[in-house]
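> Below are the structure tokens for one structure; questions will follow.
The values are calculated or read from the model by the stated rules, or taken from the named source; none is laboratory data. Just so we're clear, the structure is a prediction, and the values are computed from it rather than from any experiment. A quick note on method: Cβ atoms are made from the backbone with ideal geometry, for glycine too, and the neighbour counts reach across all protein chains shown.
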Amino acid sequence: MKLAAIQKRMARAVMTPLAPGDNMQRRVSGMGDMRRYAATFIKPNDRLTSFERLELYNRQYWWRVLAALQEDFPGLRAVLGDKKFDTMSKAYLIDCPSTSFTLRNLGKKLEGWLARHPKWAGKDQRLALDITRLEMADIEAFDGKTEPALKPEDISALASGSLKLRLQPYIQLLDFKYPVDDLLLAVRDSDEGAAFASNAFSQRRKRRRVRATAKLKPAEIFLAVHRIDESVYFRRLAREEFLILRALRDGKSLSQAIDLGFRNSKTPIVERADAVQKWFQHWATLGWFCKAAQKAVLA
Amino acid sequence: MPANRFNGFTDYGIGIGLRSPHYDHILTKKPVCDWFEIISENFMIDGGRPLRILDQILEQYRVVQHGVSMYFGSADRLDREHLRRLKELVRRTKTPWLSDHLCWGSVDGRYTHDLLPMPYTFEAAKITAQKVRAVRDFLEIPVAVENVSSYAEFHVSEMTEWEFLNEVVERADCGILLDVNNIYVSSQNHNFDPLEYVNGIPAERVAQIHIAGHSKYRKYILDTHDHPVIDPVWKLYERAIQRVGHTATLLEWDDSIPSFREVHDEALKANKFLASALLKKAV
């Protein structure tokens with residue numbers, strides 16, 4: 001048997017879902033009796049059959065990828081509950097196995113997949129999609145690229161209607177139907193304590209987490225997931241603020257972005273200039289605008 | 001062989017794996033540690049805290065890169081995006097050499113994120129060596145391949161594991177990262193004499209040595225990196241040092257990670273064997 005054939009054969013078995021009890025399945029469609037299948041390429045030894053040796057790798061694969069999703073999506077886990085999250089994760093990983101050298105990207109397709117498979121998204125698909133998107137944005141913001149930032153004085157010196165500003169690549173702009181930022185912070189808060197808790201204590205925390213999820217009522221929010229001193233933060237944005245930032249991200253000029261931001265806005269016209277000035281001051285203080293992009297535009 | 005062309009002619013001593021629970025201790029207390037090994041993939045990112053910490057570490061310590069997903073032994077083609085990001089990191093760390101495992105883990109672009117065992121065939125050795133050469137040529141630094149722990153053997157194998165390792169490194173003209181814990185784990189799982197393995201490898205190609213702990217189960221041993229090094233592994237290390245001389249040594253501890261001091265103290269036990277190697281050289 002050639003190298004490629006052995007690897008295809010083994011990978012197929014390793015990535016086959018485990019049976020209940022975390023054992024390798026005895027029969028699998030397309031592979032038949034797994035004891036025979038394993039014996040065709042794996043040697044037994046004096047303690048383990050070919051099947052049992054292959055099973056070690058089958059288990060390791062599933063435990064590793066399931067643990068990675070659990071670590072990356074504690075909020076979705078709180079929304080769905082442990083059992084449903086586990087079955088959803090298995091279904092997702094069968095459809096969307098890792099195609100990246102890093103486990104960081106394992107959940108990249110999860111939101112889209114949940115949108116196409118509502119049966120795995122729990123009672124409220126919108127909530128599941130929102131929390132999934134926030135958790136992936138958190139990952140992207142954590143290790144996204146930083147470019148040299150424009151200081152507030154740079155911006156005021158350059159300000160003009162046709163100016164194009166670019167946002168830092170790590171900033172994620174998101175709109176939600178649920179206040180999932182509060183939910184995720186509550187979940188993290190309870191998980192942080194759980195590491196040091198006794199069993200009884202962790203049960204109490206689990207109940208708190210479930211209550212936090214159950215209490216969540218729909219409310220449209222606009223959010224920037226950003227970094228300060230390399231730590232990720234969530235910042236709520238006004239609707240207009242969000243629209244301006246999104247327009248700037250899409251490459252619109254400053255004046256176009258402001259027009260878009262206040263289209264259909266309820267903010268009185270007389271208050272708009274002050275609001276814009278305050279927002280820009282704040283964004284610049286947080287270092288959200290990039291110097292490198294600025295130079296390119298001016299050139 | 002403290003310095004050779006496979007470790008960039010360096011003479012590193014005892015290091016430990018750089019792990020996040022120790023970041024604060026390292027950055028605030030600045031403990032003496034000869035060098036740190038990083039998992040390359042943890043830093044093959046665009047920005048953020050991991051890279052900032054790495055830069056702070058690089059200001060004060062020597063760092064060597066160790067990868068977990070190059071999959072030299074995979075029949076798949078090399079992942080160009082992986083290589084591009086790896087080269088960026090190599091430029092950042094200025095690692096004198098780079099290591100990854102003699103294994104495979106992806107098929108048709110789907111990743112298992114595991115270090116899967118190789119069939120020990122001449123065809124596999126040829127494919128693997130070609131990829132090692134391609135990676136070294138692209139990265140322009142010495143590359144060392146590490147023997148993995150394994151739990152399965154293949155019917156098609158045509159040689160022992162150490163013969164396969166020799167076949168690959170001779171064809172690729174590359175170095176070896178000799179993991180003596182992995183040799184011990186595999187010897188127990190596959191019933192071979194680990195000393196025969198240590199005695200069978202080309203000593204002049206060893207760029208670095210790994211030591212670690214593991215977990216013993218009723219019918220097999222798993223390479224878990226969550227315990228101190230056991231005596232039989234120290235004995236293998238002693239034999240390896242007798243053969244290869246004073247060589248860069250690294251303790252891996254990846255799960256249930258104790259304090260920096262505990263991990264470092266465990267690593268420093270290697271000094272006993274390194275000192276006798278130095279003494280022998282002096283005599």
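> Say whether the condition of being more than 13 Å from chain A (Cβ to nearest Cβ) and part of a loop (DSSP other than H, G, I, E, B) is met by at least one residue in the stretch B:120-138.
No, because not a single residue in the stretch B:120-138 is more than 13 Å from chain A (Cβ to nearest Cβ) and part of a loop (DSSP other than H, G, I, E, B).
> Another question about this same structure. Regarding residue B:221, is this residue on the phi < 0 side of the Ramachandran plot, β-branched (Val, Ile, Thr) and surrounded by fewer than 19 Cβ atoms within 10 Å (Cβ to Cβ)?
yes
> Would you mind listing the strands (runs of 3 or more DSSP E) fully within the stretch A:172-253 where at least 3 residues are at pLDDT 95 or above and not hydrophobic (A, V, I, L, M, F, W, C)?
In the stretch A:172-253, the matching strands (runs of 3 or more DSSP E) lie at A:231-237.
> Sort through B:116, B:98, B:89 and tell me the only one that's among the hydrophobic types (A, V, I, L, M, F, W, C) and within 11 Å of chain A (Cβ to nearest Cβ).
Just one listed residue meets the conditions, B:116.
> A further question follows. Can you tell me which residues in the stretch A:40-54 are more than 9 Å from every other protein chain (Cβ to nearest Cβ) and assigned to a helix (DSSP H, G or I)?
A:51 - this is the single residue of the stretch A:40-54 that is more than 9 Å from every other protein chain (Cβ to nearest Cβ) and assigned to a helix (DSSP H, G or I).
> Pairs please, first residue from the stretch B:54-69 and more than 12 Å from chain A (Cβ to nearest Cβ), second anywhere and part of a helix (DSSP H, G or I) and among the β-branched types (Val, Ile, Thr), Cβ atoms under 7 Å, 6+ apart in sequence or on different chains.
Note: pairs meeting the criteria are B:57/B:26; B:58/B:93; B:63/B:57; B:63/B:93; B:65/B:90; B:65/B:93.
> When you check residue B:254 against the structure, is it away from every other protein chain (no Cβ under 14 Å) and modelled with pLDDT under 95, yes or no?
Criteria not met by residue B:254.
> Also, quick follow-up: Quick one: residue B:150 ticks every box in (1) within 23 Å of residue A:43 (Cα to Cα); (2) more than 14 Å from chain A (Cβ to nearest Cβ); (3) not in a helix (DSSP H, G or I) bar one, so which box is it?
Condition (2) is where residue B:150 drops out.
> Hey, residue B:6 hits all of (1) away from every other protein chain (no Cβ under 14 Å); (2) part of a helix (DSSP H, G or I) but one; which does it fall short on?
Unmet for residue B:6, out of (1) away from every other protein chain (no Cβ under 14 Å); (2) part of a helix (DSSP H, G or I): (2).
> Out of the stretch A:20-36, which residues are more than 13 Å from chain B (Cβ to nearest Cβ) and surrounded by 15 or more Cβ atoms within 10 Å (Cβ to Cβ)?
A:25, A:28, A:31, A:34, A:35
> Now for a different question. If residue A:99 passes every condition in (1) within 14 Å of chain B (Cβ to nearest Cβ); (2) under 29 Å from residue A:235 (Cβ atoms) but one, which one does it miss?
If we test residue A:99 against (1) within 14 Å of chain B (Cβ to nearest Cβ); (2) under 29 Å from residue A:235 (Cβ atoms), just (2) comes out false.
> So, one more: Please specify each residue of the stretch A:59-85 satisfying the condition of being closer than 30 Å to residue A:6 by Cα and either hydrophobic (A, V, I, L, M, F, W, C) or more than 10 Å from chain B (Cβ to nearest Cβ) (or both).
A:59, A:62, A:63, A:65, A:66, A:67, A:68, A:69
> So, in the stretch B:153-197, how many residues would count as being surrounded by fewer than 20 Cβ atoms within 10 Å (Cβ to Cβ), away from chain A (no Cβ under 14 Å) and touching a Lys or Arg at 6+ places or on another chain (Cβ under 7 Å)?
Selection size over the stretch B:153-197: 2.
> Just one of A:69, A:54, A:80 is farther than 19 Å from residue A:191 by Cβ and out of contact with any Lys or Arg (no Cβ under 8 Å at 6 or more places or on another chain); which is it?
A:54
> I'd like to know if the stretch B:14-31 contains one or more residues that are more than 15 Å from the chain's Cα centre (by Cα) and aliphatic (A, V, I, L, M).
yes
> Can you run down the residue pairs with Cβ atoms below 6 Å, 6 or more apart or on separate chains, where the first is in the stretch B:37-48 and closer than 10 Å to residue B:63 by Cβ and more than 10 Å from chain A (Cβ to nearest Cβ) and the partner is among the acidic types (Asp, Glu) and surrounded by fewer than 20 Cβ atoms within 10 Å (Cβ to Cβ)?
The qualifying pairs do not exist here.
> Taking residue A:142 and the conditions (1) away from chain B (no Cβ under 12 Å); (2) crowded, with 18+ Cβ neighbours inside 10 Å; (3) touching a residue at least 60 places away in the same chain (Cβ under 8 Å); (4) closer than 30 Å to residue B:115 by Cβ, which numbered condition does it fall short on, given that it satisfies the others?
With (1) away from chain B (no Cβ under 12 Å); (2) crowded, with 18+ Cβ neighbours inside 10 Å; (3) touching a residue at least 60 places away in the same chain (Cβ under 8 Å); (4) closer than 30 Å to residue B:115 by Cβ applied to residue A:142, the lone miss is (1).
> How many residues, within the stretch B:64-109, are part of a loop (DSSP other than H, G, I, E, B), over 16 Å from residue B:128 (Cβ atoms) and of a type in the set (D, E, K, R)?
Residues that pass the stated criteria total 2.
> Among the residues of the stretch A:1-19, which ones are of a type in the set (A, V, I, L, M), more than 8 Å from chain B (Cβ to nearest Cβ) and not in a helix (DSSP H, G or I)?
Correct list: A:18, A:19.
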